Structure formats: structure tokens, C-alpha cells
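In what follows, a structure is listed as C-alpha cells, so that the remarks can point back to it.
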Amino acid sequence: MSERVLIFDTTLRDGEQSPGIALNTKEKLEIAEQLARLGVDVIEAGFPRTSQGDFDAVRAISAAVHGPTIAALARTDKGDIDRAWEAIAGAGRPRLHVFISTSQLHREHMLRASEAEVLEQAVAMVAYAKSLCEDVEFSAQDATRTDPEFLFQVIGAAVASGATTINIPDTVGYAIPHDFGALIRAAFEAVPRLAEVTVSVHCHDDLGLSVANSLEAVRNGVRQVEVAVNGIGERAGNCSLEEVVMALKTRHDLFGLEVGINTREIARTSRMVALLTGYPVPPNKAVVGANAFAHEAGIHQHGVLIERQTYEIMSAEDVGVEGSRIVLGKHSGRHAFSKALQDMGFELSKDDMAKAFARFKELADRKLSLTDMDLEAIVTDEMQAFEEAYRLEGIQVAGGTHLSPTATVRLSHSGKTLDESALGDGMVDAACQAISRATGVDARLVHFQVASITGGTDALGDVTIQVEVEGRRFTGRGVASDIVEASARAFMQAVNKSVRASAVSSGTAPDGPAGGV
């Protein structure tokens, strides 16, 4: 049995299915390139059959990202498989990932199919996928609520039909570690041919047990774990990449297994995903949270100062938390700025670099120095603005103890300038109302969160919001040295996503992702 655990990252597929996340191709490609630098073994780039947008992103990643295997998801359906193969055929190491539901609940209410029909479809479509691609993964959706005897029959047939990886997913986060471990052991005993393939797990976090279940599966012979950066994904999310990787490394004494992850890229990857998705990392999040290596209690501080390991089981440097190494200011030139971004892993086109540099100079005039974390925030914020229908060109607000808060915004749209003003309960509310008037989009603010990129009174403000438009939710994120401006940028981004979704519904723009294991 292999002494290495493969890391299968589904941030760009299952992770993007989180409510309010809608990454464009450029953003997905940036994340995929960072995942390659991180050293993941497999990148599940998307579900090509669901939309033209997802297909285009998967194909772009397949062509541009080298090193990891590039996987595309498909139902056990010939049309799905053909579309997935078309998207990944150009990858250096392509994988077709096919799935079908096996539990009685899913069969009766979703598929309306018998066990025999599900088995027949799985066998036929795994064989068909194998005729196109040498590397085929098969997933039995809702495996942990499937009758074990039928589950073992299906996965055994999938191996016989050519599957090279068998995934046993806890699709709805139903499993408890000791039960899940027993299921994995039983699978190896009932299906001897599992020893010939890679056995994988994909655990959701509905009960907060996704990492525990994944580690228990590894302890019982699984050698691929399906994860997402920051644990994002459907409902309560997926097994967290950073948590499972650092658990395997930190407790190597128990597991004795290796992973191919460059852990020093973990923090940077986490920040990039948080910035581009608009899903901030909670301060108390394991491994990558702001407080993960912070100590406030006097006893803890005293112990860490004498010997770090008294209260730290991992080194901050091991996961890439090394402080602010790059410091640029208003006198820094384009070359230094470009070199700093290159060192951080960003590869921008000439036009994109020019726009990001202009934003940097604008902020540098207000802030004495900008750190690497500031630069990451600026670049990702600008990346999300390049393809917007409406762009915020300027904002002016006024208010006070005895004055009604007012805001005036200037937007650009299709070569035209739009000016609009509004009153609000506060300056942020006024700015959002003015944007709604200018765009004609009735967006209701349902979530607002503000944080700072770094410490200090001159820190950049990082605002994440979620709005509801015609019953659908959209997430936006904005960065600026002024909280009202950052809020307006975040609201503007969410409104733009709603405009794009409306265009999709009318057939004038590519759709977003859907579905999954």
C-alpha cells in the first residue's frame, strides 16, 4: 500500500458551489495556478456540462496549468462525459470523474431507478469514460447512506469496468469517524480488487467531522483525500485542505504517511481563495485563521517566549505565515511592483498590471507603506473588477451627528458615465442606495462584514457583503483605505454578479456551476 496520501482539491468545483460564489475564468485560473504551486496532486477544475462558463474555465486550466492531474466531473451520462472529456483533453494529465447516486433515498427521489439500473449505468459509463481517458475516478454519491452490500457491489463493478480511483463520499456529512472507518475496512475486505486502485474519500462538514472522518479513512487504508481550501463548499463545506494536510504532517508519528504539499504556500493559498471568493477566513480557523498562532494569555505568552513548542504544535513559518516581507510605498516604481507580484505568484497581462499598478499608486498616496498582504488584496480586488458591467469611478459622502448621511457615486457603464445621489441610514447605506439607483438593480443587503488586511490605523479595510436580488444571493468584496469606499466597491461587485446572472438567464452570457458529489 502506498505511503503517500494524494491531495485532490475541489475548491474550483465543490468549493465554488457555496452560496454567493461565482468565479470567472481568470479568477479560477489564478487559483488553479496557485494550487499547482501548493503541490496538490489533483485539481478538480469544474463540472463542464453545467454551463459554457464552467466548460471554458476547465479547458483554460487544462491548457495552462501543469503538474497536477486536471479532473472534470460528469454524471454517468454519455453527454456529460463527452463534454468533460472535451474540456480536459488538452491537459497533460487528464482525469474523468464520473458519479451516480447509490443510496435508496437518492435512487427513489432523485433518480427513480432500481439498484439494477444504477449498477448497469455505472458499469456502462465507467467503461465509456475509460475508452476516452486512461485515468477514471468513480464516485458512489451518498455512499454513507447506501446499503453496504449494494455499495460494495457497485464499486467492485466500477473497478472491473476500468476505474483507477474509487471514491467513497460522505456527501451529506452523515458519517461518524468510527463508523466511517469501519465502512472503509469493510469495503477493502468485501472488494479485494480495491487493493489494485486508489481509494478516495470526499467528506462534508455538516456535523463538523469532515477532517476527522477523512483522517479515520486514511488510517484504514484510503490514499486520496478530497478537500477544499478553507473548507469551503456545499452547505457547511468540505474537508479543509490545510487542516488535513497539517494533521498528517504534525502527527506523522501516528500516520507515517507523506503528502506532496509545499506547506509554506498554505497561508498564501488560503488568502487568495478568501479574497477571490469573498468568503473570509474566521479568526479562530485552524491553521490559517488570524489567531492560529496568536497568544494573549500571560501564561501562554511566557511559555512561547521561552520555548515555542510549549503552546504551538506547528510553526507559523511552516504554513507560510512569515509576516509582511514586502514593503512598497508611493516612491516605488513599476518594476519593483511587478517583481513583488511575481514573487507572490501573480502572473498578470500588461493591461492588468497597468490597472493594478494605478490602484497601488492611488492607495500608496494615502498609506505610507503597503505590505505583501496589501498587494494581494489590491490585485485580487482589481482582477474581479476587470470584467464588470459597471465600474465604480468615484464616491463622495457626507454626514454627521445632525446631518442626514448622503452619498454621490460616479459609475462607468458601456462607455457612459452615470452619476447618482442618495440618502441613507448611514454613509455606507447611502453609498449602496446610490449605486442601486445608478444601476437600476434592487439589491437588498443581507450580510456585512468588515476587517483589516493588516494591523495599524492606516490598514486597508476589507469589506465582504452579501446581497439578495430577485431571491438569489451574491457575494461581493471590496478593499480600500476608507471603509465607506471599500463597502461601495463590495456592493458594486455583488451588483455586477447579479447583472451577469441576469444576462445568463436571458441567454446572453455563460452560466455558472451547479451539481456535485
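Values quoted throughout were computed directly from the atomic coordinates according to the rules given, and no laboratory measurement underlies them. Note that the structure is a prediction, hence the values are computed from the model and not measured. Every residue, glycine as well, gets a Cβ built from its backbone with ideal geometry; the counts of neighbours run over all protein chains shown.
Within the shell of other residues whose beta carbon sits under 11 angstrom from the beta carbon of residue 201, the net charge comes to -2, with Lys and Arg scored +1 and Asp and Glu -1. Quick query: amide H of residue 141 versus all other amide H atoms, modeled in the peptide plane; which residues come in under 5 Å with a sequence gap of 5 or more or a different chain? When sequence neighbours closer than 5 places are left aside, the close amide H contacts are 100, 101, 102.
Using C-alpha pairs below 8 Å separated by at least 6 residues, the relative contact order for the chain is 13 percent.
Subtracting the Cα-Cα distance of residue 190 and residue 4 from their residue separation scaled by 0.36 nm leaves 64.6 nm.
Between amide H atoms placed 1.01 Å from N, distances below 5 Å from residue 6 occur with 224, 225, all of them 5 or more places distant or on a separate chain. Under a model in which nothing but the beta-carbon of Lys, Arg (+1) and Asp, Glu (-1) is charged, the chain shows a dipole of about 900 debye around its Cα centre. Computed from backbone phi with θ = phi - 60° and the Karplus coefficients 6.51, -1.76 and 1.60, the 3J(HN,Hα) list for region 212-225 is 4, 5, 5, 5, 5, 5, 4, 4, 9, x, 5, 10, 9, 10 Hz; x is used for glycine and proline. Annotated for the chain: lysine pairs at least 8 residues apart or interchain, Cα distance under 24 Å, count 26. Taking Cα centre as origin and charging only the Cβ of basic (Lys, Arg, +1) and acidic (Asp, Glu, -1) residues, the dipole magnitude of region 334-385 rounds to 260 debye.
The amide H of residue 285, built 1.01 Å from its N in the peptide plane, has 290, 291 as neighbours under 5 Å, considering only residues 5 or more places off or on other chains. Ellipticity at 222 nm from helices only: DSSP H runs of n ≥ 4 in the chain, each -39500 (n - 2.57), divided by the residue count, give -12500 deg cm²/dmol. Put in order of Cβ neighbour count within 10 Å, fewest first, the listed residues 184, 435 become 184, 435.
By the count of other C-beta atoms within 10 Å, a proxy for reagent exposure, 112, 4, 271 are ordered fewest to most as 112, 4, 271.
Rounded to the nearest 10 degrees, the inclination of helix 25-38 to the longest alpha-carbon principal axis of the chain is 60 degrees.
The ranking of 180, 55 from fewest to most other beta carbons within 10 Å of each one's beta carbon is 55, 180. Angle of helix 372-385 to the longest C-alpha principal axis of the chain, folded into 0 to 90 degrees and rounded to 10: 90°. With the convex hull drawn over the C-alpha atoms of the chain, the volume per residue is 159 Å³.
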